[in-house]
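Encoded as structure tokens, the structure appears first; notes follow it.
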Amino acid sequence: MTTLRQLYRGELGPSSLEIVRWVEVTLTTSLVVSNLIGATAIFAVISWVIPLPRLHHSLEVRIANLAALGIYAAVAAIAGTVWGKKRFSAGWSWLIDDREPTEEEKRELIAAPLRLVTIPAAFWVAGIALFTVLNSFFSWELARVVASAVALGAVTTCAIAYLVSERFLRPAAALALSHGKPDSPALPGTASRALLGWALGTAIPLLGLILVAFTSLTGIPASKEQLSVTILVLGGLAVAIGFLVTLLIARSVSDPISSLRHALRCVEDGDLECEVPVYDGSVIGDLQAGFNQMIAGLREREKIRDLFGRHVGEEVARAAMDGEIVLGGELREVVVLFADIVGSTALTASREPQDVVNLINRFLDIFVRHIDQSGGWVNKFEGDAALAVFGAPLRVSDACGRALRAARRMSVELRARVTDCPVAIGAATGIAVAGHVGNVNRFEYTVIGDPVNEAARLTELAKTTPGHILVSQRVVDGSNPEEASRWVLGEEVVLRGRSEPTRVAMPSQSGFPPGQTGGTDPPGTSLPRPTGTSGL
């Protein structure tokens, strides 16, 4: 259930129809009451505070003014309520129909505080004319004083009515602005509100005191007691009205700032779903809408970063976001690990496409998880094969040991979970060029060099080898002693495209967890050696 405080802050209620009813009742009541209080206070000030000749304080004058005030206030309250509902019936129609407002309806509602003030302002102008004419029958001097006092009171009351209506219209304004904000502000900004606070809290009370002094200097002498009472009453009203006006103006600025501060804390905590209600038709509303647009941009940026990281790897994505991408590369000592499904061509021909995709996804899920856990970087997916790199783009300690550990553990889980077909794994190490290739419009981070080719050839050879996992001796020699002890060296083979032979290695029985084997020959048994070069 939306609370009063939330409604005042512009947070939406349960439904648009309930907002309409709430705003109509509270706004009408507050405007009528504030104008009646203002009229009564002005009557009391004129009757008992401002120093006037004795004739002007006679019972006849007071009764005539009091009667006129009562009748006119009742007529103004009823007529003003009917006028206000009729004038804004079109502006409320979209809320009643529970639909999106048009641009004209939106602007009408946002500018409603200013438009609403014109109604009491019109009645106050008529009231000034009425009481000026009424009191002119007793004295033109009295009529002048009454007109001046009522005018000052009218300005104060209408300004308070504007601030009150702006506050009570926030729920409806928030609903209107949730469909988009007009191009230009429709209400006064912070500077105008500050000047309004100065005028109501300082200028008008001082003008009241100036009016009293002018009245005393123009032939209406006042006693010391009268002046004391006048100053005390006007000073008290100045303090009370100044406090009320300053509070309303301060809240009109502090409420949106408070909501922005709360939203900023949410963003600092990593919550990018928070938004601030936009309910102000001034530059403050621009700030609220701007914050929401910024959050929307951050959400989109985070989504792009997440998608980018999923495609190229988190390390590459972070490096790309931290600095400018430069095409080219650098020499790095890396370990390259390939994994490829054995017999994928026959598998594709004998199964439904969706089954093939599910199989490849199970394989890649295991591959990515073990590479990430070992500190490697998944470089690319190539259909039913995948390539990972250790040592680029981030340098890591014991790259060889990490790659061997990932290969062993990956091999065990693949045999357990991807039972449809075997997966061959190969790894090699050496100097490669690591960097961005492509052009300025489309590029990727990759590694190019002999270890990539050697790892690919070892993977192909592993497809016909028991255990389906082969690595070069240099990877084992470069790893930590504990990991190296889990591997056994085989014979030398000459891989296609290479002139020098490569001595291969595979996991020993002890290289696998208890109860699980790599399907390899016992330790010390050499690998089957193809005749001549490998058929790769």
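The values are calculated or read from the model by the stated rules, or taken from the named source; none is laboratory data. Keep in mind the model is a prediction, meaning the values are calculated, not measured. Backbone-built Cβ (ideal geometry, glycine too); neighbour counts: all protein chains shown.
What's the total number of residues in region 45-64 that are crowded, with 17+ Cβ neighbours inside 10 Å and modelled with pLDDT under 75? Don't jump to the end; show me each part of the working.
Step one: filter region 45-64 for residues crowded, with 17+ Cβ neighbours inside 10 Å, giving 45-46, 49-52, 56, 61.
So of that shortlist, the ones also modelled with pLDDT under 75 come out as 45-46, 49-52, 56.
Qualifying residue count, region 45-64: 7.
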Original post:
Only one of these conditions is not met by residue 454: (1) farther than 23 Å from residue 377 by Cβ; (2) buried (at least 17 other Cβ atoms within 10 Å of the Cβ). Which number is it?
Top reply: (1)
**OP:** For region 327-355, name all the residues that are of a type outside the set (Ser, Thr, Tyr) and free of Cβ contacts under 8 Å to residues at least 24 places away in the same chain.
**Re:** 346, 349, 351, 352, 353, 354, 355
Original post:
Using beta carbons and a limit of 7 Å, which pairs, at least six apart or on different chains, have the first residue in region 375-396 and outside the structural domain of residue 418 (by TED's automatic domain parsing) and more than 23 Å from residue 360 (Cα to Cα) and the second one aromatic (Phe, Trp, Tyr) and surrounded by fewer than 20 Cβ atoms within 10 Å (Cβ to Cβ)?
Top reply: none
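Kindly check whether there is at least one residue in region 166-182 that is assigned by TED's automatic domain parsing to the domain that holds residue 203, more than 30 Å from residue 247 (Cβ to Cβ), out of contact with any strand residue (DSSP E or B) (no Cβ under 8 Å at 6 or more places or on another chain) and modelled with pLDDT under 80.
Applying the first criterion (assigned by TED's automatic domain parsing to the domain that holds residue 203) to region 166-182 yields 166-182.
Imposing the further condition that a residue be more than 30 Å from residue 247 (Cβ to Cβ) reduces the set to 179-180.
Imposing the further condition that a residue be out of contact with any strand residue (DSSP E or B) (no Cβ under 8 Å at 6 or more places or on another chain) reduces the set to 179-180.
Subsequent filtering for residues that are modelled with pLDDT under 80 retains 179-180.
Checked region 166-182: at least one residue is assigned by TED's automatic domain parsing to the domain that holds residue 203, more than 30 Å from residue 247 (Cβ to Cβ), out of contact with any strand residue (DSSP E or B) (no Cβ under 8 Å at 6 or more places or on another chain) and modelled with pLDDT under 80.
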Original post:
So residue 267 fits all but one of (1) on the phi > 0 side of the Ramachandran plot; (2) surrounded by 12 or more Cβ atoms within 10 Å (Cβ to Cβ); what number is the exception?
Top reply: (1)
Original post:
When you look at residue 403, is it closer than 26 Å to residue 349 by Cβ and at pLDDT 90 or above, yes or no?
Top reply: no
**OP:** Give the residue that is modelled with the lowest pLDDT, with candidates limited to residues of region 329-356 that are more than 15 Å from residue 468 (Cα to Cα) and in a strand (DSSP E or B).
**Re:** 329
Original post:
In region 431-459, which residue that is of a type in the set (Val, Ile, Thr) and not in a helix (DSSP H, G or I) is farthest from residue 496 (Cα to Cα)?
Top reply: 440
Original post:
Taking only pairs six or more apart or across chains, which ones have beta-carbon atoms under 7 Å, a first residue in region 241-270 that is under 28 Å from residue 298 (Cα atoms), and a second residue that is aliphatic (A, V, I, L, M) and outside any helix (DSSP H, G or I)?
Top reply: 259/276; 260/276; 263/276
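Go through region 61-85 and give me each residue that's over 15 Å from residue 124 (Cβ atoms) and of a type in the set (A, V, I, L, M, F, W, C). Give the steps one after another, and end with the answer.
Start the filter on region 61-85 by keeping residues that are over 15 Å from residue 124 (Cβ atoms), which leaves 61-67, 70-71, 74, 78, 81-82, 85.
Those that are over 15 Å from residue 124 (Cβ atoms) and of a type in the set (A, V, I, L, M, F, W, C): 61, 63, 64, 66, 67, 71, 74, 78, 82.
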Subject >> Members of region 33-44 that are of a type in the set (A, V, I, L, M) and either modelled with pLDDT under 70 or surrounded by fewer than 19 Cβ atoms within 10 Å (Cβ to Cβ) (or both) >> reply: 33, 36, 37, 41, 44
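Taking region 485-498 as the search range and keeping residues that are in contact (Cβ under 8 Å) with a residue 40 or more places away in the chain and either surrounded by fewer than 19 Cβ atoms within 10 Å (Cβ to Cβ) or charged (D, E, K, R) (or both), which one is nearest to residue 509 (Cα to Cα)? Walk me through how you get there before you give the answer.
Initial filter on region 485-498 (in contact (Cβ under 8 Å) with a residue 40 or more places away in the chain): 486-487, 493-498.
The next check asks that each one be either surrounded by fewer than 19 Cβ atoms within 10 Å (Cβ to Cβ) or charged (D, E, K, R) (or both); those that pass are 486, 494, 496-498.
Details: 486: 8, 494: 26, 496: 29, 497: 32, 498: 30 Å.
Ranking the qualifying residues of region 485-498, first place goes to 486.
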**OP:** Please name all residue pairs, on different chains or six or more residues apart, with Cβ atoms under 6 Å, provided the first residue is in region 423-447 and is within 30 Å of residue 465 (Cβ to Cβ) and in the same structural domain as residue 487 (by TED's automatic domain parsing) and the second residue is of a type in the set (Gly, Ala, Ser) and part of a strand (DSSP E or B).
**Re:** 423/339; 425/339; 428/472; 433/329; 434/329; 447/432; 447/434
Subject >> Given (1) free of Cβ contacts under 8 Å to residues at least 40 places away in the same chain; (2) in contact with a strand residue (DSSP E or B) (Cβ under 8 Å, 6 or more places away or on another chain); (3) of a type outside the set (A, V, I, L, M, F, W, C), index of the condition residue 419 fails >> reply: (2)
Original post:
Taking region 117-132 on its own, how many of its residues are within 45 Å of the chain's Cα centre (by Cα) and either at pLDDT below 80 or surrounded by fewer than 16 Cβ atoms within 10 Å (Cβ to Cβ) (or both)?
Top reply: 3
**OP:** Tell me, yes or no, whether region 121-143 has at least one residue that is assigned to a helix (DSSP H, G or I) and under 30 Å from residue 288 (Cβ atoms).
**Re:** yes
Subject >> Check on residue 402, in the same structural domain as residue 480 (by TED's automatic domain parsing), in contact (Cβ under 8 Å) with a residue 60 or more places away in the chain and either in contact with a helix residue (DSSP H, G or I) (Cβ under 8 Å, 6 or more places away or on another chain) or surrounded by fewer than 18 Cβ atoms within 10 Å (Cβ to Cβ) (or both) >> reply: no
